[in-house]
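Here it is: the structure, laid out below.
Every number here is computed from the coordinates shown, using simple stated rules; none is lab data. Source: prediction; values computed, not measured. Glycine also receives a Cβ, built like all others from the backbone with ideal geometry; neighbour counts cover every protein chain displayed.
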């Protein structure tokens, strides 16, 4: 886990809020938002990277509560980490295979 100053966390939260707002608006079918697939993917990647760096439960609890996109990304990261840890411990052959596949 990286350590950030309060200013860093505030900037990350503002960026995550903007990305999440666009994702949530598109996902809910809002009429005032034009869906740009490239921008949608960029917002998703950015949100994923931010939530990989910080603990959303501890640092962005209100954003986590308000945004379905943030909740989904945080849950995806949590599940991915659990799979990664368990595959190394319980299924070393699977871990090797998955590493080969992701390297392609």
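Among the residues of the range 54-76, what is the count of those that are outside any helix (DSSP H, G or I) and touching a helix residue (DSSP H, G or I) at 6+ places or on another chain (Cβ under 8 Å)? Steps first, please.
As a first pass, look at the range 54-76 and keep what is outside any helix (DSSP H, G or I): 54-55, 60, 67.
Then drop every residue that is not touching a helix residue (DSSP H, G or I) at 6+ places or on another chain (Cβ under 8 Å), which leaves 54, 60, 67.
Selection size over the range 54-76: 3.
Can you tell me which condition residue 71 does not meet? The list is (1) farther than 14 Å from residue 16 by Cβ; (2) free of Cβ contacts under 8 Å to residues at least 12 places away in the same chain; (3) surrounded by 10 or more Cβ atoms within 10 Å (Cβ to Cβ), and all the others hold.
Tallying (1) farther than 14 Å from residue 16 by Cβ; (2) free of Cβ contacts under 8 Å to residues at least 12 places away in the same chain; (3) surrounded by 10 or more Cβ atoms within 10 Å (Cβ to Cβ), residue 71 fails exactly one: (1).
Can you tell which of 79, 83, 50 is without any contact (Cβ under 8 Å) to a residue 24 or more places away in the chain, part of a helix (DSSP H, G or I) and within 25 Å of residue 24 (Cβ to Cβ)? Steps first, answer last, please.
Working: 83 fails: within 25 Å of residue 24 (Cβ to Cβ); 50 fails: without any contact (Cβ under 8 Å) to a residue 24 or more places away in the chain.
On inspection, the qualifying residue turns out to be 79.
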